[in-house]
Each structure stands twice: as structure tokens, then as C-alpha cells.
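Heads up, the thing below is written out as C-alpha cells.
The values are calculated or read from the model by the stated rules, or taken from the named source; none is laboratory data. All values derive from a computational prediction rather than experimental measurement. Positions of Cβ are backbone-derived with ideal geometry, glycine not excepted, and every protein chain shown enters the neighbour counts. Protein only, heavy atoms only, side chains kept; ligands, DNA and RNA dropped before computing areas. Shrake-Rupley method; radii C 1.70, N 1.55, O 1.52, S 1.80 Å.
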Amino acid sequence: MFKIQHSLNEPRFRIKRVFLVIFALLLLINIAVPLHAASDQPLVYVLEVEKTVTFGTARYIERGLEEAQSKGADACIISLNTPGGLVDATLEIIQDMSAARIPVITYVNPEGGIAASAGTFILLNGHIAAMAPGTTCGAAMPVTISPSEEGTQAADQKTINFLAGHMKSIADQRGRPADLAGKFVTDNLVLNNREALEKGVIDYVAADKEELLNKIHDTAVTINGQEIVLRTAGAQIVTVSHNTSEKVTNLISDPTLSMLFLTIGVMGLLIGFYSPGFFLPETLGAICLILGLSGVGLFQSNLTAGLLILLGIGLLVAELFTPTFGILGVGGVVSIVIGILLFPNEPLMPGRWFTAFRFMALGVGLVMAGFLLIAILGIARLRGRKPVQGNMESWEGVAATELNPRGLIRISGEIWQAETKDGNTVKEGELVRVAERKGLLLLVEPVKQNKNGG
């Protein structure tokens, strides 16, 4: 009876199933349409270039463009408000912009902002260039600082001609007046936003980024020989912030600070060589010298980080074998932490990763500092033993280094700074006897000399 009833009702069940499937499909379509519409919203990344253009700025632009491309952004805006900067860093930025696979829009803002010198090179290299009302560009003649004269002077004619030719090449590539662009370098030409628009140096004047994105909507640009139509109206704007590595690189590559680091580095090493034994000048000098050389562009940021970490490890190892009461150890911790902060240069990592990495670096520094403090306290306790604090005369030891006349000796399992009492040289490995103690410095005499004299 059950089977007969089921067969009689089967067509009705099939109709119900069809209606259920249709209803489910309609429901999925209703859900999917708004999701697809949301995904159709244009995405525009913004990179902000302010103050001096340095190698930190170049790292930032490189990472920002890579991130924008990996996220499928429709365009990238480089927001400019800079008085200029380093030539090499600017050329790196221009190369990264030219290699970009998405439209790059350069935009001088806010009102009253400038794109001078290096900023003008970047401005003209945009697929679309724009300025806000009340902004200025130009004055791109390279300058040098001469020790024999006050202030800055124009660079040599060879450098001016080269940069003027490069500026013309950039303008010509983007369809802008090449001869006029060359005058930014040769004649220090300056244009406000209205003049730049009239002369074809820029394409648009817009009060803010939203207005600019609406104006350039449906504009066609050519990238790697392929024409791309911009879809930017009502775009979602994502501003990329500088990570810790870029901030540190930006700081040390500032021309003023890099020269200061170089000066401190050289002077510290010279003082250390002429007055050995204190260790602070050498430690500070080595760290500053690496930072200074990196700041002038001799090292890439990752290489600088590696050198600082290696230096830090060397200083920590030296601290274990040399009684400096923490000078080398503290220098080692500082060097390692700075090196760790400089290391990350991964454009696809999320912002949260860089925040966590920063805290990890500081955590490593705190842990190392804790171990260093324990070691220093242990050494201090050893120094507090009665024989060490009392009379050490007639104690015998071995020269750990050549005493000429100052060096290191090993006595009772400890390393001490020592100096020969008569100023003569004692070779490494020879036996010595303490004749007098002056604080942490021991005045010693060769044991064989005493025996002969006796």
C-alpha cells in the first residue's frame, strides 16, 4: 500500500523539488549580486611623499607599488609635498614607477604644497599628473656644497646637462613638453598649478583626491604598450603608511644626519685607536660608521641590517672575554636591535606583521639586556671578592695579549687591563707579577726580570 501511494505522489514531489531548487537559486543570486557589486568598487592606493626624498622614501614607494599591484588596485596615487632630496633615491623611485603594471597618478597637495627639485621629477613621471590649487612645482637644478664657499652652489655643467636630459626624457615619455621640462633643471623654472596646467606640464587641477579620482574616471593611459581605461569614480582609498624599517632608513639617510653619523664614526674610531682600553668610542664609532655609510647610499638596507647584527654579535662575544663592565655589551644590544628593525623589506607582508616585528625586536633587545645585566652583576660580584678589592701585589698571571706597554693579562681566571711598570714590552704568554694596582689597572713586571734581579 505504501509503495502504491509513493508512486502516485512522486510527480508532485518532483514539482516541489523543482520549486525548491529555483527558490534556492534566486536566493543565491540575491545574495551574490550585492557582493559582486561591492567587489566592483574601484580600489586606489595612496603613497605619501613628504619632507626630504631619501632612500627610505624609495623603499616605501617600492613596497607600496608592489602591495597595490598584489591587491589588484585600479591605480596608485603618489601624493607629493616635498622640497626635494637625493638624486639616487629619486632615480630609483622613477624606475619603480616606470616598471609599475598599474596607472601611477602623481598629485601635488594639499593647498600650499610644493613638488620642488626631486619632487618635480616624480611629478612629471606620473601617467597622470595633477596639482591642487595654490601649489607649486619646479626649481630642479642640482646643487652642491663647497667647503671653500658659503652655502650651496649649482652643480657642475655635466651633472646639470645629464639631469636636464633625463627630465626631458621623462616628459617626452609621458607626452609632456620636453623643452619646458628641461628648463626646470637648467633655468630653475618654477610654475604654479595654473601655469603648469596651461603649459601642459600637468593634466588636472583638483582640490582633493576624491575630486581628482572623479575627474580622471574613464581616462585612458598607456602602460607597457597597452591602453588601460581608468575606473576611479567613487573608489575605495587605501593609504599606505611607512613601516619601521622605512622610517629608520629615512632617518639615517637624511643628508645632515648621515654626515653626522659618519663624523661620529670616524672620530670614535680614531679616539679608540689612540686611547685604547675604554671601548666606548670604538663601539659608538663602529655603529655610527655603518649607519653613516648606509645613509649615503653605500649599503642597501638589508645589508646594513646584516652588518649591524654581525657587529652586535661580535661586541657581545667581546664582552664575555673583556672586562668592560657592559660597554661592549650595551653597544652589541643596540647594534642588534637597530639591525633587526632595518631588516624587513617584504612588500607583501600585512601591516600587523610589521607592528609585531617591531615589538619582537624590542623584546629581543630587552632579553639580551637582561642577560647582559646578569653577567655584569656576576662580574661585579667577582670583583667584590676580598682578594680583588684588597692588596693584589705579588699575584702572578699570564699576558693574554702583548703589553706594549698596555694590554690584557689573565690572573686567577679573570682578564684584567695591565701595563708594564717600566714601560717595556711583554710578549703574549709570558708570566708577570703584579707590582701595584690603580683601580682597574694593574702595573706588572715580568717574572723572569724579577728573578734575574733577585
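Here are the numbers for the structure shown:
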read-out	value
Test: V205 is touching an Asp or Glu at 6+ places or on another chain (Cβ under 9 Å) and either hydrophobic (A, V, I, L, M, F, W, C) or open to solvent by 60 Å² or more (accessible area, probe 1.4 Å) (or both)	no
Strands (runs of 3 or more DSSP E) contained in segment 397-448 and holding at least 3 residues in contact (Cβ under 8 Å) with a residue 12 or more places away in the chain and within 20 Å of F273 (Cα to Cα)	406-411, 414-420
Some residue of segment 221-229 being open to solvent by 40 Å² or more (accessible area, probe 1.4 Å), without any contact (Cβ under 8 Å) to a residue 40 or more places away in the chain and more than 27 Å from C76 (Cβ to Cβ)	no
Residue among H242, H217 that alone is more than 24 Å from A318 (Cβ to Cβ), free of Cβ contacts under 8 Å to residues at least 40 places away in the same chain and not in a helix (DSSP H, G or I)	H217
Residue within segment 355-364 that is open to solvent by less than 30 Å² (accessible area, probe 1.4 Å), in contact with a Phe, Trp or Tyr (Cβ under 9 Å, 6 or more places away or on another chain), at pLDDT below 75 and not β-branched (V, I, T) present	yes
Flag for E50 being in contact with a Ser or Thr (Cβ under 7 Å, 6 or more places away or on another chain) and free of Cβ contacts under 8 Å to residues at least 60 places away in the same chain	yes
Residues that are more than 15 Å from C76 (Cα to Cα) and β-branched (V, I, T), drawn from segment 191-220	V201, I202, V205
Among (1) within 28 Å of the chain's Cα centre (by Cα); (2) open to solvent by less than 70 Å² (accessible area, probe 1.4 Å), the one test that K247 misses	(2)
Condition met for L320 (at pLDDT 70 or above, open to solvent by 20 Å² or more (accessible area, probe 1.4 Å) and in contact with a helix residue (DSSP H, G or I) (Cβ under 9 Å, 6 or more places away or on another chain))	no
Qualifying residue in segment 176-196 (condition: closer than 25 Å to G234 by Cβ and without any contact (Cβ under 8 Å) to a residue 60 or more places away in the chain)	no
Given (1) over 21 Å from G113 (Cβ atoms); (2) open to solvent by 10 Å² or more (accessible area, probe 1.4 Å); (3) assigned to a helix (DSSP H, G or I), number of the condition L197 does not satisfy	(1)
Identity of the residue in segment 38-80, under 21 Å from the mean Cα position of the chain (by Cα) and among the acidic types (D, E), that ends up most open to solvent (accessible area, probe 1.4 Å)	E50
Any chance T136 is more than 19 Å from I223 (Cα to Cα) and modelled with pLDDT under 95	no
The one condition in (1) aliphatic (A, V, I, L, M); (2) at pLDDT 75 or above; (3) surrounded by fewer than 18 Cβ atoms within 10 Å (Cβ to Cβ) that L348 fails to fulfil	(2)
Filtered residue count, segment 252-276, keeping only those that are exposed (fewer than 15 other Cβ atoms within 10 Å of the Cβ) and either in contact (Cβ under 8 Å) with a residue 60 or more places away in the chain or in contact with a helix residue (DSSP H, G or I) (Cβ under 6 Å, 6 or more places away or on another chain) (or both)	2
